1. Quick one: W33, W120, fewest Cβ neighbours within 10 Å first, how do they rank?
2. Can you spot the lysines whose alpha carbon is less than 18 Å from K58's alpha carbon? Ignore those fewer than 8 places along the same chain.
3. Looking only at Cα atoms, what is the convex hull volume of the stretch 54-158 per residue, in Å³?
4. Report, ordered by chain and residue number, the lysines lying within cross-link reach of K66, taken as a straight Cα distance under 21 Å and ignoring same-chain residues fewer than 8 apart.
5. Within 10 Å of each residue's Cβ, count the other Cβ atoms and sort Y35, Y130 from fewest upward.
6. Which residues in the stretch 80-120 place their backbone N less than 18 Å from a point set 7 Å from the Cα of K66 along the Cα-to-Cβ direction?
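Derivation of every value follows stated rules applied to the coordinates shown; laboratory data play no part. Everything numeric here is computed off the predicted structure, so don't read it as measured data. Reconstructed Cβ throughout: ideal geometry from the backbone, glycine too, with neighbour counts over all protein chains shown.
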Amino acid sequence: MASGINPSSACIGMFASIILATTQVMAEDIGAWQYGCEADRCSLAQAASSADNRTAVKINIVRRDKGLFALIVTPLGISLPGGILMRVDQGPEERAVFATCNIGGCFSAVPLDANRLARWKRGVTLRISYVDGSGSKIENELSLDGVTAGLQRLENGD
C-alpha cells in the first residue's frame, strides 16, 4: 500500500533549484548521478527515460534549511490526481503529490527523511511511475549507484 507524502508550502520555492541544476557551473559524475553547484546551491541530479523512450523524469536532490529534498519533474500531459509512485528495489510504494505544473513539467517535492535516505542508500534501483493523460502507467528506472557518495557531498555542503 502506498503511503502519502505531502509537500510543504516551503518546498515550492525550491523548484528554482531544478532550473539551477541545468546551468551548473561545477559538475561531476558520481556513479549514475551528476553533482553540481552554482554559487552556494548544490544538487545531485539524474534523468531517466521510460522503457519506450517517450517520456522522461528528472530528479534533483537539494539541501535546504529543513533537510534534503528530492525534487521530481515529470512531463506535462499526465494525470495529476494519482501523483507519483516511488519504489526502491522491491520495497513498498510511496506516493508523492504534485505541487505545481508549468511549462517545464509537473513538480513534486519529496522530503528525504532518515528512513527514506537509508532505503535509497541501500538500494540499487529507484522506480518512479505515474499515469499519463491516456491512462497508461509510465515507469522510469533510475540507478542508485553513487547516491550514497553524492548525498554525503550534499550533507557536508561541499
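1. Result, fewest neighbours first: W120, W33.
2. Excluding near neighbours in sequence, the set is K137.
3. Here the figure is 111 Å³ per residue.
4. List returned: K121.
5. In order of increasing Cβ crowding within 10 Å: Y35, Y130.
6. Correct set: 95-100, 107-117.
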